[in-house]
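Asker: Structure in structure tokens, see below.
The values are calculated or read from the model by the stated rules, or taken from the named source; none is laboratory data. Computed from a predicted model, the values in this text were never measured in an experiment. Reconstructed Cβ throughout: ideal geometry from the backbone, glycine too, with neighbour counts over all protein chains shown. These accessible areas exclude ligands, DNA and RNA; they are computed on the full protein's heavy atoms, side chains included. Shrake-Rupley method; radii C 1.70, N 1.55, O 1.52, S 1.80 Å.
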Amino acid sequence: HMSAMLEDRRQRLWIFGRHSIFRFYKERWEEYPLAREYVMDYSQRNSLGELPDGKILVQLEQAPYLITFDPETLKFADVKLIDGYKPLTFCRRADGQFLVAMVAASGGSDGLATLSGGALSAVASIHAKWNVHYPRGMVETGDGQVWVGGTGGLAHFANGQYDRFDSVVRPSIGLGLPGSKVEVQVFSMTSDGNNGVLIGGKQFLGRSNGKDLEFLADSPLAIDMHRDRSGT
């Protein structure tokens, strides 16, 4: 079982497997077994990231939730958690650090933390719950909008305000007929390059700028989306 892939700055390919992390570089495969207590999160495609110091950040389904792997020492280390919270998902910021969506274990408001130097910052509350069920992606746009999507909807946090999208209107193909609502089940998402996000849903492709969610096309399940080096 494989859940995520990452190309690091040295153009090494990392693949997150059920029992190991694999590296492919210069036509050579290497395997680094995971400790038995580390449980892969099958639902996330963005569960690998490269930290500024070259360590690989890994999202797990169960505690300790976040770990790092050092390609130089070949050792894993747990990221110390914040009391009362568990990490839900993460995304890489423009400065190379990571923004982490945090879930309050006690049922209080969820929040955001940054991962810097291998440690999580204090949690900034979003005054709401992410409530996306199984998380499938997270995006921070250039103007600071934060998006978290999952099979239970799309959450948006910007300028201290939280809102969400649970459905999108599919335009009618018949004159004078109303459109129909489609449930928002997010399986992939990426920046659209213009402070918005592209959404790969279970039944549609969409785009949002934070004010509304636009239905682009009917589509089979879009399990993953990436922007290439040309911006496509």
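Asker: On average, how much accessible surface per residue is there in the chain, in Å², for a 1.4 Å probe, leaving out ligands, DNA and RNA?
Answerer: Working: 12210 Å² over 232 residues.
Each residue of the chain exposes 53 Å² on average to a 1.4 Å probe.
Asker: May I pose another question? Collect residues whose amide H, placed 1.01 Å from N in the peptide plane, falls under 5 Å from the amide H of Leu216; neighbours closer than 5 in sequence don't count.
Answerer: Residues meeting the criterion, in which the H sits 1.01 Å from N, are Leu205, Gly206, Arg207.
Asker: Report, to two decimal places, the Cα Rg of region 120-203 normalised by 2.2 N^0.38 Å (N = number of residues).
Answerer: Dividing the Cα radius of gyration by 2.2 N^0.38 Å gives 1.22.
Asker: For the cross-link pairs Lys55/Lys80; Lys80/Lys211; Lys26/Lys80, which exceed 25 Å when the distance is taken from alpha carbon to alpha carbon?
Answerer: Details: Lys55/Lys80 16 Å; Lys80/Lys211 36 Å; Lys26/Lys80 34 Å.
Those over the limit are Lys80/Lys211; Lys26/Lys80.
Asker: To continue, here is another question. Would you pull out the residues with amide H under 5 Å of Lys129's amide H, same chain only if 5 or more places away, H placed 1.01 Å from N?
Answerer: The list, which skips near neighbours in sequence, is Asp110.
Asker: For Met2, Met225, Met102, write out the residues from largest to smallest accessible area, computed with a 1.4 angstrom probe and no ligands counted. Could you put the intermediate results ahead of the total?
Answerer: Working: Met2 120, Met225 45, Met102 0 Å².
Largest accessible area first, the list is Met2, Met225, Met102.
Asker: Show the residues, 5+ positions off or on another chain, whose built amide H is closer than 5 Å to the amide H of Met189.
Answerer: The answer is Gly200, Met225.
Asker: Using θ = phi - 60° and the Karplus relation 6.51 cos²θ - 1.76 cosθ + 1.60, list the HN-Hα couplings for region 131-144 in order, rounded to whole Hz, with x at every Gly or Pro.
Answerer: 6, 10, 6, 7, x, 10, x, 8, 9, 10, 7, x, 9, x
Asker: If you don't mind, another one. Determine the sum of side-chain charges near Val58: Lys and Arg each +1, Asp and Glu each -1, restricted to other residues whose C-beta is under 14 angstrom from that of Val58.
Answerer: That sum, taken over residues with Cβ under 14 Å, equals -1.
Asker: If you roll a 1.4 angstrom probe over the protein chains with everything in place, what fraction of the accessible area of the chain belongs to carbon and sulfur, to the nearest %?
Answerer: So the carbon and sulfur contribution to the accessible surface is 50 percent.
Asker: Let me ask another. Considering the alpha-carbon set of the chain alone, what are its Rg and its Dmax in angstrom?
Answerer: 18.2, 65
Asker: Where the centroid of each part is defined by its Cα atoms, how far is region 1-79 from region 116-160 in Å?
Answerer: 22
Asker: In addition: Once ligands and nucleic acids are excluded and a 1.4 Å probe is used, how much of His156 is accessible, expressed in Å² to the nearest 10?
Answerer: 10
Asker: Using alpha-carbon pairs under 8 Å, 6+ residues apart, how would you state the relative contact order of the chain in percent?
Answerer: Result for the chain is 9 percent.
Asker: What does the charge dipole of the chain about its Cα centre add up to, to the nearest 20 debye, if the Cβ of each Lys and Arg holds +1 and the Cβ of each Asp and Glu holds -1?
Answerer: 200
Asker: What is the log10 of I(q)/I(0) for region 104-161, computed with the Debye formula using one identical point scatterer on each Cα and no solvent, at q = 0.14, 0.22, 0.23, 0.25 Å⁻¹?
Answerer: Reported log10 I(q)/I(0), two decimals: -0.41, -1.00, -1.07, -1.20.
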